[in-house]
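Trainee: Just dropping this structure here.
The values are calculated or read from the model by the stated rules, or taken from the named source; none is laboratory data. Note that the structure is a prediction, hence the values are computed from the model and not measured. Glycine gets a Cβ as well: all are built from the backbone with ideal geometry, and neighbour counts include every protein chain shown.
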Amino acid sequence: MIKAVSAYMQKFHMTNPGDKVLVGLSGGADSVCLFYVLLALQGELGISIEAVHINHMLRESALRDEEFVRRLCEREQVPVHVLRTDVAAVARENGMTTEEAGRKVRYDFFAETAQKTEAEKIAVAHHMDDQAETILFHLCRGTGVDGLSGISPVRDNIIRPLLSVSRADIESYLSEIKSEYMTDETNAQTAYSRNRIRHNVLPMLEKEVCEGAAGHIARTGQIVLEARDYLQEQVRKTVAGYADRSQSEQGCVRLFDKIFEEVHPYLTGEVIRFCITDLAGSKKDISAVHVEAVQKLAGLQVGSVCNLPYGIEVKKSYRELIFSCGKQGDDREESFCVNVNPAELAKGVQLPLPDGKRIAFRVMDFDRNADIPTKTYTKWLDYDKIEEPLTVRTPMENDFFYFNHKNKKYVKDYMVNEKIPADERRKSILVASGSHMLYFVGKRISNYVKTDENTKRILEITVTGG
């Protein structure tokens, strides 16, 4: 047992020498085993341990378990931190199930105690059978790679050293060291789905289908976990190439349409899931149906919208999907943004605008003998002065332009000075490079990009129709 757990901990780099580890100690067989194993490994791993116990006040035997934990820690001279809380009341007050409330109370107290004691890690006693139960539970409900990978050996500062050993191994070890432990009578009840899997499904699989089924399922979870880690790396790389997250903190992520032509559909789906969770800040309640809704949206007409959990809206634009949240009313409905691919400018680009007009771009050599256009809707810009990819969009808070060779002006101030009505300001169209307004459609260009004696190439912008 000691060797197996030590090897597993080192495989997943669970601790570093000098770490203080808080052990979740309920008094049951699993946590008592974890307690003694980590106690035995203190010297080898260079760690110290303290215990944490939560009395959920749900059972008559809860006080018995608390007293057992206190005596155990006193005997082994391990500091223990105890919390008593009415989990049933927490569940009622927060509209949670008792299981959800218990988990929240436990992990909140773990985090609070870790901060107070300056502990680096928190060890909990999930084992191989728990892993198999979790994977089966997820599989029955419908799941993806995350669910099939089961319980992670390491998540943030939470470690699970016993995932490589079975419940039978744990009971054998406790018998070998002649250790007592407490039995939670609710574990034998089959009111909970997980308990039914534990007491009915897994024993049937072991007896009727394959001996060692729980171990095989858990090991499959480990293989899927490694595959998931690889997939997440590929998702991050794909996101970097096909999405713009520069405004994610402001509640906007843009996914370029070309991903649906150039990337495998499965990986595209995972990128969509990433974009959603990036804005939501959570994976909870984000399911396959939401990913499929966004995939269908990509094939609909411009302006189509789908709504997702966490108040996220996805809008079909001209060459991208715009994921947004935290916007209100007209601002959300009137926002518009299309990125212009620099590689396409040389052969000419034409885009539709929300008001029915069309905007066209083309790059040309500068003919010094030609007359520079003075029309409102045809402008020449010095192409070599444009440093970033172009965006055609509605105005944003920090947009600016140069109104002479060295002085900047904010676009919002310009619109006020020009007496542009507020409802029209939101609908105005800019050609911008980052926050630098190069051309306010129908109004003016930034002085910075005007042609001069050094101009070699021009970007011609023409707006027609409407």
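Trainee: Any residue in the range 1-26 that's closer than 25 Å to residue 82 by Cβ: show its pairings with residues that are in a helix (DSSP H, G or I) and among the small types (Gly, Ala, Ser) at Cβ separation under 9 Å, as long as the two are six or more apart or on different chains.
Mentor: As it stands, the answer is 20/114; 22/114; 23/31; 24/31; 25/31, since those pairs meet every condition given.
Trainee: While we're here: Against the definition (free of Cβ contacts under 8 Å to residues at least 12 places away in the same chain, more than 26 Å from residue 16 (Cα to Cα) and among the charged types (D, E, K, R)), how does residue 103 come out, yes or no? Reasoning before the result, please.
Mentor: Details: free of Cβ contacts under 8 Å to residues at least 12 places away in the same chain: yes; more than 26 Å from residue 16 (Cα to Cα): yes; among the charged types (D, E, K, R): yes.
Judged against the criteria, residue 103 is a match.
Trainee: Taking the residues in the range 389-447 that are of a type in the set (D, E, K, R) and in a loop (DSSP other than H, G, I, E, B) as candidates, determine which candidate is surrounded by the fewest Cβ atoms within 10 Å (Cβ to Cβ). Working first, answer last.
Mentor: Within the range 389-447, the subset of a type in the set (D, E, K, R) is 393, 397, 399, 406, 408-409, 412-413, 418-419, 423-427, 443-444.
So of that shortlist, the ones also in a loop (DSSP other than H, G, I, E, B) come out as 397, 399, 406, 418-419, 426-427, 443.
Details: 397: 9, 399: 21, 406: 8, 418: 11, 419: 6, 426: 16, 427: 17, 443: 17.
Looking at residues that are of a type in the set (D, E, K, R) and in a loop (DSSP other than H, G, I, E, B), I get 419.
Trainee: Which residues, taken from the range 335-372, are closer than 16 Å to residue 438 by Cα and in contact with a Phe, Trp or Tyr (Cβ under 6 Å, 6 or more places away or on another chain)?
Mentor: 338, 345, 363
The rows are residues; the columns are (1) under 29 Å from residue 433 (Cβ atoms); (2) without any contact (Cβ under 8 Å) to a residue 12 or more places away in the chain; (3) of a type in the set (Val, Ile, Thr); (4) outside the structural domain of residue 425 (by TED's automatic domain parsing).
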position: 240; (1), (2), (3), (4): yes, yes, no, yes
position: 251; (1), (2), (3), (4): yes, no, no, yes
position: 291; (1), (2), (3), (4): no, no, yes, yes
position: 304; (1), (2), (3), (4): yes, no, no, yes
position: 311; (1), (2), (3), (4): no, no, no, yes
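Trainee: Restricting to the range 137-160, name every residue that is over 19 Å from the mean Cα position of the chain (by Cα) and surrounded by fewer than 21 Cβ atoms within 10 Å (Cβ to Cβ).
Mentor: Within the range 137-160, 137, 138, 139, 140, 141, 142 qualify.
Trainee: What tally of residues in the range 412-426 results from selecting those that are in contact with a helix residue (DSSP H, G or I) (Cβ under 9 Å, 6 or more places away or on another chain) and either in contact (Cβ under 8 Å) with a residue 24 or more places away in the chain or under 21 Å from residue 247 (Cα atoms) (or both)?
Mentor: 4
Trainee: Being basic (Lys, Arg) and farther than 29 Å from residue 9 by Cα is the filter here, so list the residues in the range 66-123 that pass it. Walk me through it before giving the result.
Mentor: To start, the set of residues in the range 66-123 that are basic (Lys, Arg) comprises 70-71, 75, 84, 92, 103-104, 106, 116, 121.
Those that are basic (Lys, Arg) and farther than 29 Å from residue 9 by Cα: 84, 92.
Trainee: Within the range 90-112, which residues are under 26 Å from the mean Cα position of the chain (by Cα) and buried (at least 18 other Cβ atoms within 10 Å of the Cβ)? Walk me through how you get there before you give the answer.
Mentor: Of all residues in the range 90-112, those under 26 Å from the mean Cα position of the chain (by Cα) come to 94-97, 99-112.
Once the filter is applied, which keeps residues that are under 26 Å from the mean Cα position of the chain (by Cα) and buried (at least 18 other Cβ atoms within 10 Å of the Cβ), the range 90-112 yields 101, 102, 105, 106, 109, 110.
Trainee: Let me ask you something else. Of all residues in the range 47-58, how many are modelled with pLDDT of 95 or more and farther than 19 Å from residue 158 by Cβ?
Mentor: Qualifying residue count for the region: 0.
Trainee: For residue 122, indicate whether it is within 16 Å of residue 50 (Cβ to Cβ), crowded, with 19+ Cβ neighbours inside 10 Å and out of contact with any His (no Cβ under 7 Å at 6 or more places or on another chain).
Mentor: For residue 122, the condition - within 16 Å of residue 50 (Cβ to Cβ), crowded, with 19+ Cβ neighbours inside 10 Å and out of contact with any His (no Cβ under 7 Å at 6 or more places or on another chain) - is met.
Trainee: With (1) more than 32 Å from the chain's Cα centre (by Cα); (2) surrounded by 13 or more Cβ atoms within 10 Å (Cβ to Cβ) as the list, and residue 46 as the residue in question, which single condition is left unmet?
Mentor: Here residue 46 meets the rest and fails (2).
Trainee: Of the numbered conditions (1) outside any helix (DSSP H, G or I); (2) under 29 Å from residue 251 (Cβ atoms); (3) aromatic (Phe, Trp, Tyr), residue 380 fails exactly one; give the number of that condition.
Mentor: (2)
Trainee: Now for a different question. Considering only the range 330-344, I want to know if a residue exists there that is modelled with pLDDT of 80 or more and farther than 19 Å from residue 461 by Cα. Reasoning before the result, please.
Mentor: Residues of the range 330-344 modelled with pLDDT of 80 or more: none.
Scanning the range 330-344 turns up no residue that is modelled with pLDDT of 80 or more and farther than 19 Å from residue 461 by Cα.
Trainee: Any residue in the range 208-230 that is crowded, with 16+ Cβ neighbours inside 10 Å, among the basic types (Lys, Arg) and outside any loop (DSSP other than H, G, I, E, B)?
Mentor: Yes, some residue in the range 208-230 is crowded, with 16+ Cβ neighbours inside 10 Å, among the basic types (Lys, Arg) and outside any loop (DSSP other than H, G, I, E, B).
Trainee: Quick one: in the range 448-466, which of the residues that are in a strand (DSSP E or B) and of a type in the set (S, T, N, Q) is nearest to residue 247 (Cα to Cα)? Steps first, answer last, please.
Mentor: Initial filter on the range 448-466 (in a strand (DSSP E or B)): 457-465.
Then keep just the ones that are of a type in the set (S, T, N, Q); that gives 462, 464.
Details: 462: 28, 464: 30 Å.
Within the range 448-466, the match that is nearest to residue 247 (Cα to Cα) is 462.
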